[in-house]
Number of protein chains: 2
Amino acid sequence: MSDDGATIDGWVCPMPLRDQPNIVMGHGGGGKLSAELIEHLFLPAFSNEHLDGLGDAAVMDLPPGRIAMSTDSFVVRPRIFPGGNIGELAINGTVNDVAMAGAEPKYVSVAMILEEGMPIDELAWLVQAMAKAAETAGVQLVTGDTKVVDKGHGDGVYINTTGVGVIRDGIDIHPRNVQPGNVVLVNGTIGDHGMAIMSVREGLEFESTIRSDTAALNHLIAALLDAEIDVRALRDPTRGGLAATLNEFAAAGEVGVVVDEMKLPVDRAVASACEILGMDPFYVANEGKVVVVVPPDQAERALEIMRADELGAKATQIAEIVVGHPGIVVAKTAIGATRVVDTQVGEQLPRIC
Amino acid sequence: MSDDGATIDGWVCPMPLRDQPNIVMGHGGGGKLSAELIEHLFLPAFSNEHLDGLGDAAVMDLPPGRIAMSTDSFVVRPRIFPGGNIGELAINGTVNDVAMAGAEPKYVSVAMILEEGMPIDELAWLVQAMAKAAETAGVQLVTGDTKVVDKGHGDGVYINTTGVGVIRDGIDIHPRNVQPGNVVLVNGTIGDHGMAIMSVREGLEFESTIRSDTAALNHLIAALLDAEIDVRALRDPTRGGLAATLNEFAAAGEVGVVVDEMKLPVDRAVASACEILGMDPFYVANEGKVVVVVPPDQAERALEIMRADELGAKATQIAEIVVGHPGIVVAKTAIGATRVVDTQVGEQLPRIC
């Protein structure tokens, strides 16, 4: 259960489906049970002019120009965690990926793989969370798909979202555009999402609950672009964490990255959880953070703009791009040493998103 | 194994990944193992200018106008079957859904949920099948995602594809446009896909193997539109079969549909398999068929155009749209009786696509 007032306890599905409390194989069969699921559960939550057409494909207008397209499947466990749930995460994650190309996210598709036995009331609750997240982000859920797999071949629900957005003229945001002298900003504390999930799984308790940072970052990014900040690169440090993002910048731009470890914003409870579990916040997934690379003379203004958004209240500069050691990320530690921050080989946190 | 020369036996993955023959959790972790999977397995197969950018989102040009967007997850079992495989199906299915809106499919995203233990050589083989299917359909695979779930929470691989296409000016194809007097055409035999899958599962053997009809129908549909056939509605009768499609037309157009059962093209082995398993070809899934509704005076020309395409060699007229019994589909049987063809309630064939 989420601890932010969004709890499924006592919540009642507005339209019980043929008195069936759980998903059965027939809900994926393309017959009447499928139709009921769509009409009574998905449509009331997601309703809009495009979805209501209910064609094999949604039909929408798009202004001319370049589009950005991104897809992600979400398999996070548990499905409901402090600060969020798989439905909200699925919307925010894809909205963010589209926004990272400097695009305004417009339309999102939703495809669910349901496991036989999934409680329908929980599904309906997650669907409402998706609708709310879409509204906050300002995107429309225009087309969808539901499949059902037999028990033991899924895990309740897996959600795929694919997003399409429109890129404004003149924008070219890409890690290859990162240049020596640029500085690296982040909009707040790192590691929150990953450690929120891990704390639940491991049963860790702290004075304050660690909450996922899941959020849609498109409005914050739009504010930077509206102000004509010369954004070189944007990335949301999800799987692989900040380390993966900075290494990607180093590789794509053929530059070095120097992180000031003392400046990394890490919540105290997150730091404690990392210590207990032997993890490094550098590698822990975030779901509401964006790493922004800008020329040094625009850093202050960019930080001001980010801080004006509640998702960027703790925005800060964390690193510099350098000519030396191209392709390599190093961190200056508290005692003045430097260490190489490589990407990890395998999995630090399975099924984190 | 497919019986059309496309067999995985003896096939060798061109680039073994760290000598790991099977998917491990780390392949979904966003670290080096993930990167290797992308660089050595997906990129060589799918390579194109958009994908090679490897951003969170792909960036593409689109002409101005309306776009069509469709998403589908594929969970078919077995993954490789006579006439096709889950990879090919995932491309063709989404290409077809976009084409059913009268759009030219252009870009497709691919998201895989891999189960721990999935053989990497089979995955690579499926990926090559996807690349080949995309080439045949003329679409680009522009962005992707890979997640790994622990053993017992998946089934080898589930594939989501989402497609975007561009609708030519003046086109308005939708089941609501179906009108009394219109006629209903189909491009070939029905029930092939569903019975190919069921025959494998049930171990049925016939003189000739029943093969899935999986195919991309966008070129056939483009030929109809190029010829300025006044296409009222298009639908690929997948899950729920022809019965679901005709009932959708009846409901959306508030019209009746009268099918001439004697004219339904059904392969002899498919008919036998249906009889043995107690199934009705009306309800069996197709993956390479399109139901086309046109005004009666254009039926002959439409059939000629369809027959000129190898996917439409057996195109034929199967039904008429009538004023009577709105919302209801009836079939005239061989002995001159009529029966109502309703949609099924639940699942006839689980995990058929």
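Of the numbered criteria (1) under 23 Å from the mean Cα position of the chain (by Cα); (2) surrounded by fewer than 22 Cβ atoms within 10 Å (Cβ to Cβ); (3) charged (D, E, K, R), the one B:GLU275 fails is (1).
For B:ALA90, state whether it is touching a His at 6+ places or on another chain (Cβ under 9 Å), on the phi < 0 side of the Ramachandran plot and surrounded by 24 or more Cβ atoms within 10 Å (Cβ to Cβ). Here the answer is no, as B:ALA90 does not meet what is asked. Just name the residue that is nearest to B:ILE113 (Cα to Cα) out of those in the stretch B:148-163 that are buried (at least 24 other Cβ atoms within 10 Å of the Cβ) and facing chain A (nearest Cβ under 7 Å). By that ranking, first place goes to B:TYR158.
Taken as a whole, the condition of being of a type in the set (Lys, Arg) and farther than 23 Å from A:GLY83 by Cα does not apply to A:LYS132. All told, B:ILE318 meets the bar of being of a type in the set (Val, Ile, Thr), crowded, with 20+ Cβ neighbours inside 10 Å and either without any contact (Cβ under 8 Å) to a residue 24 or more places away in the chain or not assigned by TED's automatic domain parsing to the domain that holds B:ILE91 (or both). Of the residues examined, B:ALA331 is not one that is assigned to a strand (DSSP E or B), in the same structural domain as B:ARG235 (by TED's automatic domain parsing), under 29 Å from B:ASP72 (Cα atoms) and touching a residue at least 24 places away in the same chain (Cβ under 8 Å). Is the stretch B:75-83 home to any residue that is farther than 24 Å from A:ALA103 by Cα, touching a residue at least 60 places away in the same chain (Cβ under 8 Å) and either within 8 Å of chain A (Cβ to nearest Cβ) or hydroxyl-bearing (Ser, Thr, Tyr) (or both)? The answer is yes, given that some residue of the stretch B:75-83 is farther than 24 Å from A:ALA103 by Cα, touching a residue at least 60 places away in the same chain (Cβ under 8 Å) and either within 8 Å of chain A (Cβ to nearest Cβ) or hydroxyl-bearing (Ser, Thr, Tyr) (or both).
Quick one: would you say A:GLU310 is in contact with a strand residue (DSSP E or B) (Cβ under 8 Å, 6 or more places away or on another chain) and either in contact (Cβ under 8 Å) with a residue 40 or more places away in the chain or closer than 24 Å to A:ASP97 by Cβ (or both)? Judged against the criteria, A:GLU310 is not a match. For the stretch A:224-265, a residue qualifies if it is part of a loop (DSSP other than H, G, I, E, B) and within 14 Å of chain B (Cβ to nearest Cβ), and the qualifying residues are A:VAL231, A:ARG232, A:ASP236, A:PRO237, A:THR238, A:ARG239, A:GLY240. Do we have any residue at all in the stretch A:179-198 that's touching a strand residue (DSSP E or B) at 6+ places or on another chain (Cβ under 8 Å), within 14 Å of chain B (Cβ to nearest Cβ), surrounded by fewer than 24 Cβ atoms within 10 Å (Cβ to Cβ) and among the polar types (S, T, N, Q)? Taking every residue of the stretch A:179-198 in turn, none turns out to be touching a strand residue (DSSP E or B) at 6+ places or on another chain (Cβ under 8 Å), within 14 Å of chain B (Cβ to nearest Cβ), surrounded by fewer than 24 Cβ atoms within 10 Å (Cβ to Cβ) and among the polar types (S, T, N, Q). Taken together, the residues in the stretch B:44-92 that are touching a Gly at 6+ places or on another chain (Cβ under 8 Å) and acidic (Asp, Glu) amount to 2. No other residue among B:LEU242, B:LEU264 is buried (at least 24 other Cβ atoms within 10 Å of the Cβ), within 14 Å of B:THR189 (Cα to Cα) and either touching a Phe, Trp or Tyr at 6+ places or on another chain (Cβ under 7 Å) or of a type outside the set (Asp, Glu) (or both) apart from B:LEU242.
Counting residues in the stretch A:37-52 that are within 7 Å of chain B (Cβ to nearest Cβ) and farther than 15 Å from A:ALA134 by Cβ gives zero.
Filtering the stretch A:213-221 for residues that are of a type in the set (Val, Ile, Thr), outside any helix (DSSP H, G or I) and buried (at least 24 other Cβ atoms within 10 Å of the Cβ) leaves a non-empty set. Scanning the stretch A:304-315 for residues that are in contact with a Leu (Cβ under 7 Å, 6 or more places away or on another chain) and either part of a helix (DSSP H, G or I) or crowded, with 19+ Cβ neighbours inside 10 Å (or both) yields a total of 5. The condition (being among the hydrophobic types (A, V, I, L, M, F, W, C), facing chain A (nearest Cβ under 10 Å), surrounded by 22 or more Cβ atoms within 10 Å (Cβ to Cβ) and in contact with a Pro (Cβ under 7 Å, 6 or more places away or on another chain)) is satisfied by just one residue among B:ALA58, B:ALA111, B:ALA99, B:ALA137: B:ALA99. Screening A:GLY288 with (1) away from chain B (no Cβ under 14 Å); (2) more than 30 Å from B:VAL149 (Cβ to Cβ) gives one miss only, at (2).
Quick check on A:ALA216: is it outside the structural domain of A:PRO64 (by TED's automatic domain parsing), in contact with a Ser or Thr (Cβ under 8 Å, 6 or more places away or on another chain) and within 29 Å of A:LYS106 (Cβ to Cβ)? The answer is yes for A:ALA216.
The values are calculated or read from the model by the stated rules, or taken from the named source; none is laboratory data. Just so you know, these numbers come straight off a predicted model, no measurement behind them. All Cβ positions, even for glycine, are placed from backbone atoms using ideal geometry, and neighbour counts span all protein chains on display.
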